[in-house]
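**Student:** Next up is a structure, given as structure tokens.
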Amino acid sequence: RWIKQGAKWGDHWAYTPVEQTAVPKISNDWISNDVDRFIYEKLEEQNLEPSPVADKATLLRRVSLDIIGMYPGSSLAEKYLRSDDDNAYETLVDSLLSSPHFGERWASMWLDLARYADSKGYEADHVRDIWKYRDWVIRAFNEDKPYDQFLGEQLAADFISNPTDAQFI
């Protein structure tokens, strides 16, 4: 009924072939890569200007909270804030991605979806000790385990020939 009333309907994006998209031919000092060109084009359509670049302390806080879910250690923060290197931000991001806190931060979303709880998680759940699974998920994120392997080991590890203890967890 919704479609008959005039709702736009078409093919779902997941079932259409990937097509090359032309990068907008826009130039501005704010633009530093092709993704920025797409963003800037949309900003222009809305008569908006890009926000000014944040200061280093603000960038440090934002990226740290996003990647590891907490403020960085003082030595990493000082190193970034004092650096005059043009690649200081990239170096900071690489450092945060290599932190064990990265896996803890991002695994928490997966564990929430899997309804993980260290012990009694939900009303009628019985007590259980499955912290090894939590640690396995965190390690998988920190090791950048390929998604197909990550899912396969969780959903069908019993079909792996001679699985390791880690795969079977």
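**Student:** Round to the nearest 10 and report in Å² the accessible area of Lys79, as given by a 1.4 Å probe over the protein chains' heavy atoms.
**Tutor:** 140
**Student:** Which shape class, rounded, prolate or oblate, goes with the chain when its Cα gyration tensor gives a ≥ b ≥ c as root eigenvalues, a/c under 1.5 marks rounded, and past that a/b bigger than b/c marks prolate? Walk me through the numbers before you get to the answer.
**Tutor:** Values: a/c = 2.14, a/b = 1.24, b/c = 1.72.
In terms of gyration-tensor shape, oblate.
**Student:** A further question follows. Taking the full set of protein chains and a 1.4 angstrom probe, give the accessible area of Phe38 in square angstrom, rounded to the nearest 10.
**Tutor:** Ignoring ligands and nucleic acids, Phe38 comes out at about 80 Å².
**Student:** Right, something else. In whole percent, how big is the carbon plus sulfur part of the accessible area of the range 86-169, probe 1.4 Å, protein atoms only?
**Tutor:** In the range 86-169, the share of accessible area belonging to carbon and sulfur is 54 percent.
**Student:** Given a cut-off of under 8 Å on Cα pairs at least six residues apart, what relative contact order in percent is computed for the range 1-159?
**Tutor:** 14
**Student:** Sticking with this structure for a sec: Sum -39500 (n - 2.57) across every DSSP H segment of at least 4 residues in the chain, then divide by the residue count to get the 222 nm mean residue ellipticity, nearest 500. Walk me through the numbers before you get to the answer.
**Tutor:** Details: 8 runs with 82 residues, N = 169.
The per-residue figure over the chain is -14500 deg cm²/dmol.
**Student:** While we're on this one: May I have the count of lysine pairs in the chain with C-alpha atoms under 17 Å apart, counting pairs 8 or more residues apart or located on different chains? Before the final figure, lay out the partial values.
**Tutor:** Numbers: Lys25/Lys42; Lys56/Lys79; Lys120/Lys132; Lys132/Lys145.
Lysine pairs satisfying the spacing and distance rule in the chain number 4.
**Student:** In square angstrom, what is the accessible area per residue of the chain with a 1.4 angstrom probe? Show your work: numbers first, answer last.
**Tutor:** Working: 13400 Å² over 169 residues.
About 79 Å² of surface per residue is accessible.
**Student:** Sticking with this structure for a sec: Keeping all protein chains in position, work out how much accessible area Thr21 exposes to a 1.4 Å probe, and write it in Å² to the nearest 10.
**Tutor:** Result for Thr21: roughly 80 Å² accessible.
The values are calculated or read from the model by the stated rules, or taken from the named source; none is laboratory data. Because the structure is a prediction, the values reported are computed rather than measured. What goes into the accessible areas is simple: the full protein's heavy atoms, side chains included, and nothing from ligands, DNA or RNA. Shrake-Rupley method; radii C 1.70, N 1.55, O 1.52, S 1.80 Å.
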